[in-house]
Amino acid sequence: MQTVRSRILEILKQDGQASVGALAERLEMAPISVRYHLDILLADNLIAVSKAKGRRSVGRPQQLYSLTADADAYFPDNFALLTAGVVSQMKQILPADKIDGCFRKLAQEMAQPLTEACPGDEPLDDRMQKVVSFLNERGYLAQWNASEATLHTHNCPYTGVVAEHRELCCMDLALVESLSGQSCDQVQAIADGGHCCSFRVQAAAEERSTGPKMVDLIV
């Protein structure tokens, strides 16, 4: 992202909201130049615009700009550090089987919104389309290859942590099993240098598609 637009996001993060005039003053730029960058940020859904409360004596109502939820991705967080710290503490205190049980329980709770909404007799491909959408809403960039009965996830939410704590891979496997309602094998992992994580679903033969088909629901 261009430096000016990054600076606009920082100002809005600090101030909550700001007008074109206030941003122009902070950036030491002409208002028309600031509007150019604001239009791009609006198109990218990183900021929103609203009218200021109250009436101005003359002219149009003042417009105020603020961040959207999508802008959170542009600010650093300590989730990776926190995750690594929590897992390290668990491994110092709990035996391996207890840690595995904790992560499996967590995976089941993560999957609960979908598992409670899906009928138990739903065809596998229909279920996996919902699984793909569920995972993509959480940043996994998932795809379902029906002909191979394999789910691929192209983004690891635990990058930077999973290499040291492979228990997180086990949690993702448990998550896929809970979401799909099927036993699965993880046949590829980003942590091992693969271009994606792949989970083969051990489904009944009649539930598998007969021809090559890729359901790609990246959202």
Condition met for Thr115 (within 25 Å of Asp192 (Cβ to Cβ), of a type in the set (Ser, Thr, Tyr) and either in the same structural domain as Val187 (by TED's automatic domain parsing) or touching a residue at least 60 places away in the same chain (Cβ under 8 Å) (or both)) = no
Among Leu151, Leu106, the single one that is touching a residue at least 24 places away in the same chain (Cβ under 8 Å) and touching a strand residue (DSSP E or B) at 6+ places or on another chain (Cβ under 8 Å) is Leu151
If you take the residues of the stretch 126-170 that are closer than 23 Å to Ala84 by Cβ and of a type in the set (Asp, Glu), which of them is surrounded by the most Cβ atoms within 10 Å (Cβ to Cβ)?
-> Glu167
Positions within the stretch 145-184 being acidic (Asp, Glu) and either touching a Ser or Thr at 6+ places or on another chain (Cβ under 9 Å) or farther than 18 Å from Asp100 by Cα (or both), in sequence order | Glu148, Glu164, Asp172, Glu177
When (1) buried (at least 16 other Cβ atoms within 10 Å of the Cβ); (2) farther than 30 Å from Leu94 by Cα; (3) among the hydrophobic types (A, V, I, L, M, F, W, C) are applied to Ala107, the one that fails is (2)
Quick one: would you say Leu173 is closer than 14 Å to Gln202 by Cβ, modelled with pLDDT of 95 or more and either of a type in the set (A, V, I, L, M, F, W, C) or touching a helix residue (DSSP H, G or I) at 6+ places or on another chain (Cβ under 7 Å) (or both)?
-> yes
Is it fair to say Gly193 is on the phi > 0 side of the Ramachandran plot and either outside the structural domain of Ala69 (by TED's automatic domain parsing) or free of Cβ contacts under 8 Å to residues at least 60 places away in the same chain (or both)?
-> yes
How many residues does the stretch 19-44 hold that are more than 21 Å from Thr68 (Cα to Cα) and among the aromatic types (Phe, Trp, Tyr)?
-> 0
Answer residue from the stretch 64-103, given it is closer than 30 Å to Lys51 by Cα and touching a residue at least 60 places away in the same chain (Cβ under 8 Å) and is surrounded by the fewest Cβ atoms within 10 Å (Cβ to Cβ) among those = Phe75
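The values are calculated or read from the model by the stated rules, or taken from the named source; none is laboratory data. Remember, it's a predicted structure, so these values are computed and weren't measured experimentally. Note that we place each Cβ from the backbone using ideal geometry, even for glycine, and neighbour counts take in every protein chain shown.
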